[in-house]
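Read-outs: derived from the displayed coordinates by stated rules, not from any lab. Since this is a predicted model, take the numbers as computed values, not measurements. So basically every Cβ, Gly included, is an ideal-geometry build from the backbone, and we count neighbours across all protein chains shown.
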């Protein structure tokens with residue numbers, strides 16, 4: 001039997017990814033309704049655990065790329081991972097968003113499991129979110145313009 005958690009997560013199917021950004025190491029994936037020509041945010045998935053974008057069988061970018069310099073010439077002393085655009089993750093996300101055609105940004109399928117892992121499929125690429133800690137909030141799904149409760153995935157006790 002499907003849980004409420006699974007039902008809510010599956011409600012992402014048909015939504016369009018419109019932006020990916022971060023504040024420190026918290027990544028935000030913003031969605032609008034698939035036919036919204038104004039692309040106003042409908043819901044947001046805030047991810048504090050590990051995630052990756054897969055293109056086919058390869059990992060294109062992952063959350064831990066945040067801690068690697070986009071400029072291989074910089075040493076560790078010169079690299080500030082929190083500066084926007086300075087890390088490999090920021091650069092690859094920007095490139096990924098630029099590569100997407102309109103149809104490539106619509107969630108076609110959602111899978112989730114009891115540990116809070118999520119897979120959002122977008123046709124030829126996937127966003128995979130996988131909790132990797134026993135002590136922190138993994139992710140949060142919410143609708144900023146609606147009075148709906150946040151769906152929060154945190155470790156079970």
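Quote the relative contact order of the stretch 4-153 in percent (integer), defining contacts as alpha-carbon pairs under 8 Å separated by 6+ residues. Let's see the in-between values first.
Numbers: 281 pairs, mean separation 37.9, N = 150.
That works out to 25 percent.
For helix 88-99, report the angle its Cα long axis makes with the longest principal axis of the Cα atoms of the chain; keep it between 0 and 90° and round to the nearest 10°.
With rounding to tens, the tilt is 60 degrees.
May I ask you to order 47-60, 96-109 by the average number of other C-beta atoms within 10 Å around their residues, highest value first?
Descending packing order for the listed peptides: 47-60, 96-109.
Would you calculate, for the chain, the mean residue ellipticity at 222 nm contributed by helices, counting each DSSP H stretch of 4 or more residues as -39,500 (n - 2.57) and dividing by all residues, to the nearest 500?
-3500 deg cm²/dmol, from helical runs alone.
Taking the chain as a Gaussian network, where each spring joins two C-alpha atoms under 10 Å apart, which residue of 137, 128, 78 fluctuates the most?
Answer for the Gaussian network model of the chain: 78.
Could you point to the label whose value was computed as semi-axes √(5λ) of the Cα gyration tensor in Å for the structure here, given [x] 26, 19, 15; [y] 37, 13, 12; [z] 54, 16, 14?
[x]
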